[in-house]
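The values are calculated or read from the model by the stated rules, or taken from the named source; none is laboratory data. Since we're looking at a predicted model, the values are computed, not measured. Every residue, glycine among them, receives a Cβ derived from its backbone with ideal geometry; neighbour counts consider all protein chains shown.
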Amino acid sequence: MLEYRPLGQTDLSVSSICLGTMTWGQQNTEADGHAQLDMALERGINFVDTAEMYSVPPKPETQGSTEKIIGSWFKARGNRDKVILATKVSGRSTNPYIRPHARHTELNRQQITFALEGSLKRLQTDYIDLYQLHWPDRPLPLFSDSGTIYRAAPPAPTRENPIEETLGILNDFVKQGKIRHIGLSNETAWGTSRFIQAWAKGHGPRVVSIQNAYNLLNRTFEIGLAEIAVREKVGLLPYSPLAQGYLTGKYQGGARPPGSRSVLFNRGQRYEKPGVTDAIDKYIALAKEAGLNPAQMALAFVTSRPFVTSNIIGATTLEQLKTDLDSLDVTITPELEEKIDAIHQIHSNPAP
């Protein structure tokens with residue numbers, strides 16, 4: 001059943017399913033994006049997530065394309081007030097095309113200002129409900145084969161922008177009414193705690209959410225961040241709840257369905273590590289034993305976690321979107337959860 005949950009300590013309530021949009025602009029056309037938004041709103045979804053760097057995979061020709069599609073939908077439907085809109089500013093990277101005036105991205109005043117103004121223009125709105133830091137402004141093993149293994153990184157070529165300074169910049173935009181609330185993404189327990197500490201010392205605003213990967217193949221969020229999420233009311237907005245589609249089983253046995261992301265973009269390495277196939281086989285078998293669609297069981301598990309605010313789903317077809325939304329009708333019973341946890345004990349986090 002669809003629920004509406006508080007977004008951190010704000011007065012906003014967001015649907016327990018959030019519509020992810022990162023394929024719009026490459027795999028999906030503008031018309032596809034509009035159709036997905038229409039279906040989602042008809043089903044009661046009021047939360048939409050995007051980013052300045054989308055669509056994915058990121059490249060200069062399509063950077064910002066997803067926000068443009070959402071913006072044209074707002075203009076065509078005249079319903080900006082019906083949606084709680086989240087987007088993201090890029091953290092430190094070596095992608096110069098995102099910042100034509102700089103050699104790399106970082107979270108300083110000039111760059112955050114440039115990013116926010118660009119997002120507002122593409123989205124055809126004058127405010128963002130939830131503005132998220134897409135990834136940190138410090139060296140971390142993100143989006144790499146090392147997964148979540150932390151190794152002390154060599155000093156950055158330029159100084160890291162202090163968290164307190166970043167919060168001060170964001171606070172200025174909150175005062176201007178361009179941002180309502182802020183969130184984190186791809187952040188660690190240490191980083192999240194530092195943002196909360198900085199706010200407590202008067203460096204506002206307070207973070208209200210964290211968007212990290214979380215699924216049956218990657219439950220690392222539970223190890224350190226889940227307690228922070230619950231106690232500090234910084235709820236998880238999990239992305240990749242189907243592990244880029246691998247938990248549907250469509251890639252099992254070496255299959256490569258035409259038109260799938262793994263075939264089109266060769267970006268599935270995170271879910272092709274040792275032990276992943278065996279774990280997926282176990283979860284698919286459990287779903288069949290329970291009379292459930294494997295994708296819907298995987299989604300329902302994520303949505304039902306007590307530290308999750310809203311589960312970010314993504315689809316490339318309306319049929320897939322309907323299947324994902326129908327996961328709201330699936331209940332993770334105590335008996336089913338016990339069996340899921342038993343598989344997890346043996347096949348713990350093979351794809352962090």
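Name the single residue that is surrounded by the most Cβ atoms within 10 Å (Cβ to Cβ) among those in the range 336-352 being assigned to a helix (DSSP H, G or I) and either of a type in the set (D, E, K, R) or at pLDDT below 95 (or both).
Step by step, filter the range 336-352, then rank; the result is Lys339.
What pairs come out if I take residues in the range 237-256 that are of a type in the set (Val, Ile, Thr) and pair them with residues that are in a loop (DSSP other than H, G, I, E, B) whose C-beta lies under 8 Å away, six or more apart or interchain?
Final answer for the pair search is Thr248/Leu242.
Yes or no: Leu41 assigned to a loop (DSSP other than H, G, I, E, B), surrounded by fewer than 22 Cβ atoms within 10 Å (Cβ to Cβ) and in contact (Cβ under 8 Å) with a residue 40 or more places away in the chain? Steps first, answer last, please.
Values: assigned to a loop (DSSP other than H, G, I, E, B): no; surrounded by fewer than 22 Cβ atoms within 10 Å (Cβ to Cβ): yes; in contact (Cβ under 8 Å) with a residue 40 or more places away in the chain: yes.
Against the criterion (assigned to a loop (DSSP other than H, G, I, E, B), surrounded by fewer than 22 Cβ atoms within 10 Å (Cβ to Cβ) and in contact (Cβ under 8 Å) with a residue 40 or more places away in the chain), Leu41 does not qualify.
Conditions: (1) under 23 Å from Gly245 (Cα atoms); (2) touching a helix residue (DSSP H, G or I) at 6+ places or on another chain (Cβ under 9 Å); (3) small (Gly, Ala, Ser). Gly20 meets all but one. Number of the miss?
Result: Gly20 fails condition (2) only.
Just one of (1) closer than 27 Å to Thr316 by Cα; (2) buried (at least 16 other Cβ atoms within 10 Å of the Cβ); (3) touching a residue at least 60 places away in the same chain (Cβ under 8 Å) trips up Arg92, so point out which.
That leaves (1) as the condition not met.
Inspect the range 214-232 for any residue being among the hydroxyl-bearing types (Ser, Thr, Tyr) and assigned to a helix (DSSP H, G or I) and give the result as yes or no.
Taking every residue of the range 214-232 in turn, none turns out to be among the hydroxyl-bearing types (Ser, Thr, Tyr) and assigned to a helix (DSSP H, G or I).
State which residue pairs qualify: first residue under 16 Å from Phe195 (Cα atoms) and inside the range 219-234, second residue among the aliphatic types (A, V, I, L, M) and part of a helix (DSSP H, G or I) in any location, beta carbons under 7 Å apart, and separation of 6 or more residues or different chains.
Gly224/Ala189; Leu225/Ala189; Ile228/Ala189; Glu232/Ile196; Val234/Ile228
Just for the range 198-212: of the residues that are of a type outside the set (Val, Ile, Thr) and in contact (Cβ under 8 Å) with a residue 60 or more places away in the chain, which one is surrounded by the fewest Cβ atoms within 10 Å (Cβ to Cβ)?
Arg206
Restricting to the range 10-32, count the residues that are in contact with a Phe, Trp or Tyr (Cβ under 6 Å, 6 or more places away or on another chain) and part of a loop (DSSP other than H, G, I, E, B).
Qualifying residue count for the region: 1.
Identify, from the list Leu107, Leu140, the residue that is hydrophobic (A, V, I, L, M, F, W, C) and modelled with pLDDT of 95 or more. First the steps, then the outcome.
Details: Leu140 fails: modelled with pLDDT of 95 or more.
Exactly one of Leu107, Leu140 is hydrophobic (A, V, I, L, M, F, W, C) and modelled with pLDDT of 95 or more, namely Leu107.
Any residue at all in the range 153-166 that's part of a loop (DSSP other than H, G, I, E, B), at pLDDT below 95, among the hydrophobic types (A, V, I, L, M, F, W, C) and in contact with a Pro (Cβ under 8 Å, 6 or more places away or on another chain)?
yes
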